[in-house]
Amino acid sequence: MKRLLKFISVCLLIMTSFMQCLPSTKAAEEIKIGILQFVEHDAFDATVRGLKERMETSEFKDQIKWDIQNAQGDNASLQSISERIARDNDLLIAIGTAAGQALAHVESQKPVFFAAVTAPVEAGLVKSLDRPETNFTGTSNLAPIDKQVELLVNSFPDIKTVGILE
């Protein structure tokens with residue numbers, strides 16, 4: 001729960017920063033935010049809910065128009081949805097690696113925030129986690145391996161062999 005709250009707070013901070021980058025607008029002008037998911041998944045759905053709930057507390061809440069799309073696991077749909085969502089929105093949010101990669105193929109200028117991406121560098125979304133050097137930024141859901149191993153060793157001090165399934 002703490003990680004989810006931290007994630008939502010980071011999302012709000014990043015999205016507020018992106019809003020500062022948008023062209024100057026009248027106070028009541030609409031801000032179009034497109035969210036793209038590749039599949040329905042409890043964690044992805046919770047991420048979308050958390051983003052929306054947190055933005056409801058922002059100063060922009062009355063200006064935001066949400067465009068939430070889900071490709072339902074279909075690659076062809078993902079491609080066409082990513083093209084449309086990139087064209088029609090001011091700020092883009094990719095939920096999951098596949099959605100992030102689809103948006104990376106069609107959008108290189110507008111700000112894109114990613115969430116629930118395990119390896120953003122390896123996925124080609126950013127050059128590094130410290131300095132993205134692209135129009136993408138976001139959060140990774142990769143848990144630190146060293147902390148996982150430490151927990152395993154502390155929890156099972158007599159363990160001799162560990163198997164890892166991929």
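FYI, it's all coordinate maths here, none of it is from the lab. These numbers come from a predicted model, not from an experiment. Every residue, glycine as well, gets a Cβ built from its backbone with ideal geometry; the counts of neighbours run over all protein chains shown.
What ranking do 50-56, 34-40, 145-151 get when scored by the average of other Cβ atoms within 10 Å per residue, highest first? Display every interim value, and only then the final one.
Numbers: 50-56: 16.9, 34-40: 22.1, 145-151: 9.7.
Listed from highest to lowest mean packing, they are 34-40, 50-56, 145-151.
Where nothing but the Cβ of Lys and Arg (+1) and of Asp and Glu (-1) is charged, how large is the charge dipole of the range 106-166 around its Cα centre, in debye to the nearest 20?
Values: 5 positive and 8 negative charges, 27 e Å.
Taking the Cα centre of the range 106-166 as origin, the dipole is about 140 debye.
Listed highest first by mean packing, meaning other Cβ atoms within 10 Å per residue, what order do 86-92, 73-79 come in?
Details: 86-92: 18.7, 73-79: 13.7.
Top of the packing list down: 86-92, 73-79.
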